[in-house]
Amino acid sequence: MNTLAEENYLKSIYHLSVNDGNASTNQIASSLNTKASSVTDMLKKLADKALINYTPYQGVSLTPSGEKIAISIIRKHRLWEYFLVEKLNFKWDQVHDLAEEMEHISSEELIDRLDKFMGYPKHDPHGDPIPDCNGRFNTHELKPVSAVTVNQSGIISGVRDHSSSFLQYLDKKQLTIGCKIMITDIIEYDHSVVVQVGNKEVHISREVANNLLIAL
């Protein structure tokens, strides 16, 4: 049985290492808003449990056992987010913190029944893929709006920034999951982007464009 803190570390390491294969102590400390010395202590505990591969100053990666636990937590988190939005009518900017608490419920039977009850959703309200009961992700290729050229169009299908302020901003601009947009202009001066949504044009900053993901 793993503690809540241990599960949070495993999830953080998974997210940080999914692309690069390793996560540094400083990255983990920043992700969890804690001190590097505290991270080092926890990493030693997780290594003793054979949940991570850890060599001081060389980065951290998950063992197969650690990865299985991390993916299970991510699955629970994203299913709860979906449930809160689709069944309890929460807004997509309100559910992250709630799901952070609910992801630590240990009953796999409850989560499997929740998944079945909701019709086995493939993506959470922010467009992130929900792992199935075997830990498999149904991924699809997404590109940030900042990497798309003028006159290309696509469907908004994900976000890199899950903060409430960013999601509320997207709501105000009507740039939400499922919306079709077309890039009509890229401003040379600051690389901000003009996108067409329905019959109107919306001007967004380079930072917003980098955090807004579309499927072409």
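The values are calculated or read from the model by the stated rules, or taken from the named source; none is laboratory data. Fair warning: this is a prediction, and the values are worked out from it, not measured in the lab. Ideal geometry is used to build each Cβ from the backbone, glycine not excepted, and the neighbour counts take in all protein chains shown. For accessibility, only protein heavy atoms count, side chains too; no ligands or nucleic acids. Shrake-Rupley method; radii C 1.70, N 1.55, O 1.52, S 1.80 Å.
The distance between label points at residue 161 and residue 191 comes to 1.5 nm (points 7 Å beyond Cα on the Cα→Cβ vector).
Between 0 and 90 degrees, the angle of helix 108-117 with respect to the longest Cα principal axis of the chain falls at about 20 degrees. When a 1.4 Å probe is rolled over the protein heavy atoms, the share of accessible surface on the range 86-216 that falls to carbon and sulfur comes to 48 percent.
Rounding to the nearest 20 debye, state how big the charge dipole of the chain is about its Cα centre with +1 on each Lys and Arg Cβ and -1 on each Asp and Glu Cβ.
Working: 22 positive and 28 negative charges, 36 e Å.
Using Cβ point charges on Lys, Arg, Asp and Glu, the chain gives about 180 debye.
With each run of n ≥ 4 DSSP H residues scored as -39500 (n - 2.57), what mean residue ellipticity at 222 nm is computed for the chain after dividing by its residue count and rounding to the nearest 500 deg cm²/dmol? Please report the intermediate quantities before stating the final value.
Values: 8 runs with 91 residues, N = 216.
Helices in the chain give a 222 nm mean residue ellipticity of -13000 deg cm²/dmol.
The candidate values were (1) 18.8; (2) 18.0; (3) 17.3; the one computed from these coordinates for Kirkwood radius over Cα pairs in Å carries the label (1). In plain terms, the chain is cut at each of the GluC sites (Glu not before Pro) found in a DSSP loop with at most 12 other Cβ atoms within 10 Å, and the longest leftover piece is 1-140.
How would the range 80-129 be classified by its alpha-carbon gyration tensor: rounded, prolate or oblate, with rounded meaning a/c under 1.5 and the a/b versus b/c comparison settling the rest? It is oblate, given that a/c is not under 1.5 and a/b is not larger than b/c.
Calculated accessible area for the chain comes out at 56 Å² per residue, all protein chains present (probe 1.4 Å; ligands, DNA, RNA ignored). Spin-label model, residue 171/residue 41: points 7 Å from Cα along the beta carbon direction are separated by 3.9 nm. Between residue 63 and residue 184, the distance separating the two model label sites (each 7 Å from Cα on the Cα→Cβ line) works out to 5.7 nm. Take the Cα radius of gyration of the range 27-120 and divide it by 2.2 N^0.38 Å, N being the number of residues; the result is 1.30.
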